[in-house]
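The values are calculated or read from the model by the stated rules, or taken from the named source; none is laboratory data. The model shown is predicted, which means the values in this text are computed figures rather than measured ones. Cβ placement follows ideal geometry from the backbone for every residue including glycine, while neighbour counts extend to all protein chains displayed.
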Amino acid sequence: MRYLPLTPADRAEMLGVIGVDSIDDLFADVPVAARKAELFDLPRHAGEMEVERHLQALAAKNRPAGAGPFFCGAGAYKHHVPATVDHIIQRSEFLTSYTPYQPEIAQGTLQVLFEFQTQVAALTGLEVANASMYDGSTGCAEAVMMAQRVTRRKKAVLSGGLHPHYAAVTQTIAHAEGMDITRLPVAIDAEAAVIAAITPETACVVVQTPNVFGVVTDVSKIAEAAHAAGALMIVVTTEAVSFGLLKSPGEMGADIAVAEGQSIGVGLSYGGPYVGLFACREKFVRQMPGRLCGETVDAEGRRGFVLTLSTREQHIRREKATSNICTNSGLCALAFTIHLSLLGERGLRDLAAINHAKARQLRDALAAVPGVEILTPRFFNEFAVRVPGGAAQAVEALLGDGIVAGVPFSRLDPKAGLDDVLLVAATETTTDADIAAFAQALKGRTL
Amino acid sequence: MTMLNVGRPTQPQTAVPVAHASLTGARGLLQDEALIFELGGWDKTGVDLEPAALDASDLAGLTREAPIGLPGLSEPEAMRHYVRLSQKNHAIDLALYPLGSCTMKHNPRLNEKMARLPGFADLHPLAPISTAQGALQLMDELAHWLKTMTAMPAVALSPKAGAHGELCGLLTIKAAHEAKGQGHRRLVLVPTSAHGTNPATAAFVGYDVAEIAQTEDGRVDLADLEAKLTPDVAAIMVTNPNTCGLFERDVIEIGRLTHAVGAYFYCDGANFNAIVGRVRPGDLGVDAMHINLHKTFSTPHGGGGPGAGPVVLSEALAPYAPAPWVVSGPDGFKLVEETIDEAAAGFGRMVAFQGQMGMFVRAYAYMLSHGTDGLRQVAEDAVLNANYVKARLSGVMSPAFPDGPCMHEALFDDSWLEGTDITTLDFAKAMIDEGFHPMTMYFPLVVHGAMLIEPTETESKQELDRFCDALIALAHAAKAGDVDRFKGAPYLAPLRRLDETLAARKPKLTWRPEPTTVAPAPLAAE
């Protein structure tokens, strides 16, 4: 077998050094009842060609986003990733290293994490960021748990514009810990309703901008109301490119910002692996979940980086840790950092401007289709439209024209009663021809 | 072409001083590399984007005014920056990486290639189900392999890492207890040798944690377990093979006792590599176990992630699994995404979307490559390699549990260093100078000065011998009083020992411009 270097002669010699007769002697502690002498009922080993053939056949049954006009967003976005990014993350020294527990031989990973943390802090307008979470949704749940630790209160208010998966993850995890989570009714422009739900017992409010319907909101007023009640303001963003155009969470009074970083450097990959961005005000840093990389010096006074403040973490604090997270999303954080280094300030602003322009172009094209109603008043690169006859039906019909029209809101939340709402996104990868084809096909259907 | 050597010396002419320092901070091929914030230009970019006329008239008052503070690099600069940084990392592709409990094995590049097929890599998580049939089929086939290898009837694929899998397992257990009117159970029992994630996870979902004592021979103390198994206990969490690298001989009895009081048996599957293909957790009475695809099934660790932690579940727990999951029917594969209707008992959702598809592809490529026969060989070679290391090093180091075989990792304590003034940490740092990544240190907590060595099955006998020879030489040096070799180590790494106390006392977690640095000017309007 190509991944196993030992030869039969090696094995025999090694058993001799150990002083046993057979490999079975090394498994002597396994109860007799649990020893399996025979192979399991699964295929036997296969060469590279055979494996490749099987997986290529499976891949061929999927339609990649790049195969034609494509308008899905809703928490994951199709963006162009420079070839350099994928090359660097496949370097052995990044790909096949472990968590940097031995900093003297992990400065590559550690310096990247320090750059990542600084970039995330800059994007979110907050003072500190951690070395990544699994993704945006789990980061959102962790933020709510963190607010509970900071405020010692047990209630959280989730805006009705929060991505339904994020709300579900947060409810699942925070509820288990004994928190009382209020998810406000789903509505397209729902953010103002959050203020009325704040009480003196509220630990935090969670508001997404742009929200799941694409609505961009200045959360400053909500943050003021939250702070007046002693609650924390958590701002969630699922489209990280929007940081290149919109006010940062920190500027609007966020105490914790959580974002999905997939748009920058990380592919779609059917939902993962992605990278959660997590930033907060410096005064809360000791309640943060996850790994933190910090600057220090070595024995000769040279600058270096280490994992730090680990007394918050599970491997030191065990049941008193701020989170149970261990493995995070290091390689995706690296991809994010490389892509963002290539973009720089100017590139990110340009990219954001292009995304917004494409979405406006799409909005104008769809608005001209009779029967179609644009529902999102202010958006970045994604908005909601009402499609007569149902969004899922429209998506199904347009697939016949080779167009993936977007995400029916009912796919995310079948109980919301918004069956005719379609979420559509445009990015720099969207062409004029894509938009024209979409509008044309939709027109053919609604007429 | 041969290089002209006329007129230039072809041999070293003078002896090189031992402690030679460069004038620039570079060390030959190792560059002294600044941060991007010190290198990059505020108006520089490594991408060519077709400029768009920005009309943000819909977004009045909502746009960012001040600079973000992001430097850019051109493509050649970026390539060099990150390649230079990469060269400061140890990696499994470079040498043995014997981190116990971490299973640092070879990462086949076929897996990387397969994960990058556009049908997987460029597939949107909410793409219409009819356009993602291959992905769903892959998840279904992966699930079949995981269930067959563990003799468990169900699997939740979505957890994103081992600890996330633990969380999923305990939430499933909690939901099952609540459904049976047993929601009052507040306690989770965890052995003292457990991974830190176990008690952290139990606390994270609101359980109280009590520790189970360990016997002299490194296993769960059955008498102590039995005494603590009260009607309050919701679950026990046991790692098997455990973190001492030993198989829990009484595992079936542990399961029986646990079930007898109505509690569930959670198994931490971090060490599944030792038994894959040979032992099925379902035959041991396990109710839930996460499988770290980034350990046993070789998806790369990537400097700390991403991982994937699917959780296999027993019949009793299967109805409470979180959304989503794949079902197959006459019309192809479907994805159950909501805990309603047939999934109403499910406890909720662990993540947005479906989990770590990129890791599923890699792990499945690895499983197909090995097959059922190869995976059995994986466990056997992993255990053989660990026992070989244990046998070779036992002459100079002190194994924590000398009697009987270990499983996939060999555990030593620091009693053999007594009187040398050298600690486990010093010894580990000296290994760096010899070209090896240190083993896991000071874990498990139950063994003094623990050194936990997990070589994995992908090491050749030659590499194991090279490693053992190095450790034996170091051990002799330690016993011979060569203290400086250890106290000052590492000498030859990109950096010397780092001041972790300083880092924690005055945390500096982001780069900030020195007062003298000119702040970025606002960008000119396009």
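A compact table of results
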{"item": "Helices (runs of 4 or more DSSP H) wholly inside the range A:34-128 that include at least 2 residues being within 30 Å of A:L398 (Cβ to Cβ)", "result": "A:48-59"}
{"item": "Among the candidates A:L442, A:L423, residue that is under 18 Å from A:A74 (Cα atoms) and either outside the structural domain of A:V169 (by TED's automatic domain parsing) or over 19 Å from the mean Cα position of the chain (by Cα) (or both)", "result": "A:L423"}
{"item": "Spans of strands (runs of 3 or more DSSP E) in the range B:287-382 with at least 2 residues away from every other protein chain (no Cβ under 12 Å)", "result": "B:288-290, B:311-313, B:325-329"}
{"item": "Breaking point among (1) at pLDDT 95 or above; (2) assigned to a loop (DSSP other than H, G, I, E, B), for B:V188", "result": "(2)"}
{"item": "Criterion violated by A:K283 - all others in (1) buried (at least 24 other Cβ atoms within 10 Å of the Cβ); (2) under 30 Å from A:T311 (Cβ atoms); (3) away from chain B (no Cβ under 11 Å); (4) not small (G, A, S) satisfied", "result": "(1)"}
{"item": "Test: residue in the range A:314-327 that is of a type in the set (A, V, I, L, M) and within 22 Å of A:T118 (Cβ to Cβ)", "result": "yes"}
{"item": "Index of the failed condition, B:I129 passing every other in (1) within 21 Å of B:I291 (Cβ to Cβ); (2) at pLDDT 95 or above; (3) of a type in the set (V, I, T)", "result": "(1)"}
{"item": "Test: residue in the range B:407-429 that is in a loop (DSSP other than H, G, I, E, B), of a type in the set (D, E, K, R), away from chain A (no Cβ under 13 Å) and touching a Phe, Trp or Tyr at 6+ places or on another chain (Cβ under 9 Å)", "result": "yes"}
{"item": "Lone unmet requirement of (1) at pLDDT 95 or above; (2) buried (at least 17 other Cβ atoms within 10 Å of the Cβ) for A:A34", "result": "(1)"}
{"item": "Some residue of the range A:422-432 being at pLDDT below 95 and surrounded by fewer than 18 Cβ atoms within 10 Å (Cβ to Cβ)", "result": "no"}
{"item": "Within the range B:95-116, tally of residues that are assigned to a loop (DSSP other than H, G, I, E, B), under 29 Å from B:D268 (Cα atoms) and not aromatic (F, W, Y)", "result": "12"}
{"item": "Contacts under 7 angstrom Cβ, first residue in the range A:129-140 being not assigned by TED's automatic domain parsing to the domain that holds A:S248, partner in a loop (DSSP other than H, G, I, E, B), 6 or more apart", "result": "none"}
{"item": "Considering residues of the range A:79-127 that are touching a His at 6+ places or on another chain (Cβ under 7 Å) and farther than 21 Å from B:H437 by Cβ only, the residue nearest to the other protein chains (Cβ to nearest Cβ)", "result": "A:P82"}
{"item": "Pick from the range A:31-51, criterion of a type in the set (G, A, S) and more than 15 Å from B:G374 (Cβ to Cβ), ranking: nearest to the other protein chains (Cβ to nearest Cβ)", "result": "A:A34"}
{"item": "Qualifying positions in the range B:68-108 - charged (D, E, K, R) and either under 21 Å from the mean Cα position of the chain (by Cα) or facing chain A (nearest Cβ under 7 Å) (or both)", "result": "B:E75, B:K88, B:D93, B:K105"}
{"item": "Answer residue from the range A:110-146, given it is in contact with a Lys or Arg (Cβ under 9 Å, 6 or more places away or on another chain) and of a type in the set (D, E, K, R) and is surrounded by the most Cβ atoms within 10 Å (Cβ to Cβ) among those", "result": "A:D135"}
{"item": "Residue that is farthest from A:P164 (Cα to Cα), among those in the range A:57-77 that are at the interface with chain B (Cβ under 7 Å from one of its Cβ atoms) and within 19 Å of the chain's Cα centre (by Cα)", "result": "A:A65"}
{"item": "All positions within the range A:335-346 that are facing chain B (nearest Cβ under 7 Å) and either among the acidic types (D, E) or crowded, with 24+ Cβ neighbours inside 10 Å (or both)", "result": "A:I338, A:L340, A:S341, A:L342, A:L343, A:G344, A:E345"}
{"item": "Single match in A:T209, A:T202 (criterion: in contact with an Asp or Glu (Cβ under 9 Å, 6 or more places away or on another chain) and of a type in the set (S, T, N, Q))", "result": "A:T209"}
{"item": "Residues of the range A:393-447 that turn out to be assigned to a loop (DSSP other than H, G, I, E, B) and farther than 21 Å from A:R63 by Cα, as a count", "result": "9"}
{"item": "Test: A:G244 is surrounded by fewer than 24 Cβ atoms within 10 Å (Cβ to Cβ), over 24 Å from B:Q354 (Cβ atoms), under 20 Å from the mean Cα position of the chain (by Cα) and within 13 Å of another protein chain (Cβ to nearest Cβ)", "result": "no"}
{"item": "Test: residue in the range A:23-30 that is crowded, with 18+ Cβ neighbours inside 10 Å, facing chain B (nearest Cβ under 7 Å) and part of a helix (DSSP H, G or I)", "result": "yes"}
{"item": "Any pair with Cβ under 7 angstrom, 6 or more apart, that starts in the range A:333-352 at a residue that is of a type in the set (S, T, Y) and ends at one that is surrounded by 24 or more Cβ atoms within 10 Å (Cβ to Cβ) and assigned to a helix (DSSP H, G or I)", "result": "A:T337/A:V112; A:T337/A:E115; A:T337/A:F116; A:T337/A:Q119; A:S341/B:I36; A:S341/B:A78"}
{"item": "Count - residues of the range B:32-43 that are at pLDDT 95 or above and within 7 Å of another protein chain (Cβ to nearest Cβ)", "result": "3"}
{"item": "Residue satisfying condition, being within 8 Å of chain B (Cβ to nearest Cβ), out of contact with any Gly (no Cβ under 8 Å at 6 or more places or on another chain) and surrounded by fewer than 20 Cβ atoms within 10 Å (Cβ to Cβ), within set A:L412, A:L399", "result": "A:L399"}
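Each row is one residue, and each column tells you yes or no for (1) in contact (Cβ under 8 Å) with a residue 60 or more places away in the chain; (2) touching a helix residue (DSSP H, G or I) at 6+ places or on another chain (Cβ under 6 Å); (3) within 8 Å of chain A (Cβ to nearest Cβ).
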| site | (1), (2), (3) |
| --- | --- |
| B:F467 | yes, no, no |
| B:A477 | no, yes, no |
| B:D482 | no, no, no |
| B:L492 | yes, yes, no |
| B:R496 | no, no, yes |
| B:E500 | no, no, yes |
| B:R505 | no, no, no |
| B:K508 | no, no, yes |
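Matching residues to (1) surrounded by fewer than 16 Cβ atoms within 10 Å (Cβ to Cβ); (2) under 23 Å from A:A426 (Cβ atoms):
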position: A:P185; (1), (2): yes, no
position: A:D189; (1), (2): no, yes
position: A:V194; (1), (2): no, no
position: A:P200; (1), (2): yes, no
position: A:V207; (1), (2): no, no
position: A:P210; (1), (2): no, yes
position: A:V216; (1), (2): no, yes
position: A:K221; (1), (2): yes, no
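Here is a yes/no grid of residues against (1) farther than 27 Å from A:D189 by Cα; (2) among the hydroxyl-bearing types (S, T, Y); (3) in a loop (DSSP other than H, G, I, E, B):
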residue	(1), (2), (3)
A:G230	no, no, yes
A:V236	no, no, no
A:G301	yes, no, yes
A:R318	yes, no, no
